[in-house]
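Working notes for the structure below.
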Amino acid sequence: MTSRCTAWRAAALACVAAFLLALPAGARAALIFGPETPLLADDGSPQAGITHLTDGRVLAVAGEHSGDAAPTYSLRSGPAGAWTSAAPIPGLSKGGRVVARPLPGGGALVLHQWRDSNAKGHLESAELAPDGTWGPVQQIADPGDLAQGGFGMVTDAAGNADVVFVSTDAVYVRSVKVASRPSGCAWGAPVTLLTAGLTTSYVGVAIASDPAGDAAAAMAVDSGTGQRVSVARRPAGATWPAAAPITDDAHIRSAPRVVVTPSGEAIVGWYERNADGETLGVRVVRAPAGAGFGPEEPVGGSQDGVADMAVIGGDVFLTTFQLVLQEDGQPANRPGAVYRLAGATWSPELTIPPDVDDSPRPTLVALADERAAVSWAWEIQERTAIALRSSDGTWTRWSVPVAAADYPFAVLLGGWGAEPRFIFEIWLLHRVDDGAVVAAEAHGAPSVRLPRGRG
């Protein structure tokens, strides 16, 4: 019965896609949402993500930030396909955070961070082969070497991978480390990029690479008087050097965002405030391949924070959100924005409306055809929105209500065809009721065709 329903559903969605492609130029269909597919059913602060694989399939992974439920995954074959039933990722038996990155040929690498009953940290990976089988779990860091700080992973076009993470040794000295894995091989021993020190209370990390494998790791480390941003840059095929500071430590700075452009240029962004708590806004620095970082560049207003930064279709985009509170302690309801780096100037292209008493943090997403998209959620209004950028630089927005979701968050992926008959899919992740279930919604609707000249 299940296979018959799945076949009927796939045929129906294919008919929807054919109908949309047959619409006259200039028409636009409404968003059509299909049934939900549960990914994880537990109450341990669930989180999830969706990754486009290089063979056109889509991988969803879900895990618990706290709790014991094992991470799960689900695969989707592409346009009008159906999600497979969520299943545990073999070898990953404990609750924890998971992220996935694509590998050549349609495979994927999943990173899993978890803590045991003695509060010792573990960092490990599992590889999904193109044929759908999972390889053995590989340890990246020794137990106890991983603190509660952030981590990040990148893969390049050849399948090489790098992971940056925060570690704590036996005497509680914190440091930032990076581990590398050549394609098809085991992880090498972690390399220390920066020793933060014994009294460090805050370390934020990020990592990025271009398709060729040129990589950069950025970190903000507490010095006791503020946070200093440091960066380590590694050309493809080389070894990681120690991180070098690119700011002083006079101000309080957020965890950085970092990207590496196709030309090898490293761009790092963060927001900062002074010792009196006054927000100074977003700062960005850029370093061409083989050169040092230039001066700090302000982006947006003094009350803005940096939400996301990404290289999409060769362009660099940055999103901001409002930070400063009013005197009564409530947010000022300032809008966020999407900026694009045009030459040497950050130009605003899209305004993100505020929530009732909050400012959503917009997330950048690349469609399958390298078209830029952005998604954001209004928690109080229980709505999420997506916006798509067309080839002429215009943006079009769609707002989507989320029933019974106390915290919706959207992921927009998938695009087929070309203008004026370009269709895309939306996969909306949200937490249902009390946050106990993470589900992928609207995964079965190639439902919006863009009119000519619009996004």
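Name the residues in segment 87-131 that are surrounded by fewer than 18 Cβ atoms within 10 Å (Cβ to Cβ), in contact with a strand residue (DSSP E or B) (Cβ under 7 Å, 6 or more places away or on another chain) and not in a strand (DSSP E or B), would you?
PRO90, GLY91, ASP116, ALA129, PRO130
Quick one: which of ALA377, ALA387 is at pLDDT 80 or above, part of a strand (DSSP E or B) and of a type in the set (A, V, I, L, M)?
Going through ALA377, ALA387 in turn, just one is at pLDDT 80 or above, part of a strand (DSSP E or B) and of a type in the set (A, V, I, L, M): ALA387.
In segment 128-140, is there at least one residue being under 19 Å from the mean Cα position of the chain (by Cα), hydrophobic (A, V, I, L, M, F, W, C) and either under 14 Å from THR51 (Cβ atoms) or modelled with pLDDT of 95 or more (or both)?
no
Report, by residue number, each residue of segment 153-178 that is assigned to a strand (DSSP E or B), hydrophobic (A, V, I, L, M, F, W, C) and either touching a residue at least 40 places away in the same chain (Cβ under 8 Å) or farther than 19 Å from VAL99 by Cβ (or both).
MET153, VAL154, ALA161, VAL163, VAL164, PHE165, VAL176, VAL178
Kindly establish whether ALA250 is under 20 Å from VAL285 (Cα atoms), assigned to a loop (DSSP other than H, G, I, E, B) and in contact (Cβ under 8 Å) with a residue 24 or more places away in the chain.
When the stated conditions are applied, ALA250 passes them.
Just a yes or no: is a residue in segment 201-220 in a loop (DSSP other than H, G, I, E, B), farther than 24 Å from VAL311 by Cβ, more than 25 Å from the chain's Cα centre (by Cα) and of a type outside the set (S, T, N, Q)?
No: zero hits.
Just for segment 208-227: of the residues that are touching a Lys or Arg at 6+ places or on another chain (Cβ under 8 Å) and at pLDDT below 95, which one is surrounded by the fewest Cβ atoms within 10 Å (Cβ to Cβ)?
Of everything passing the filter in segment 208-227, GLY226 is surrounded by the fewest Cβ atoms within 10 Å (Cβ to Cβ).
The values are calculated or read from the model by the stated rules, or taken from the named source; none is laboratory data. Every value quoted in this text rests on a predicted model; they were computed, and no experiment measured them. In this analysis, Cβ positions are derived from the backbone assuming ideal geometry, glycine residues included, and neighbour counts consider all displayed protein chains.
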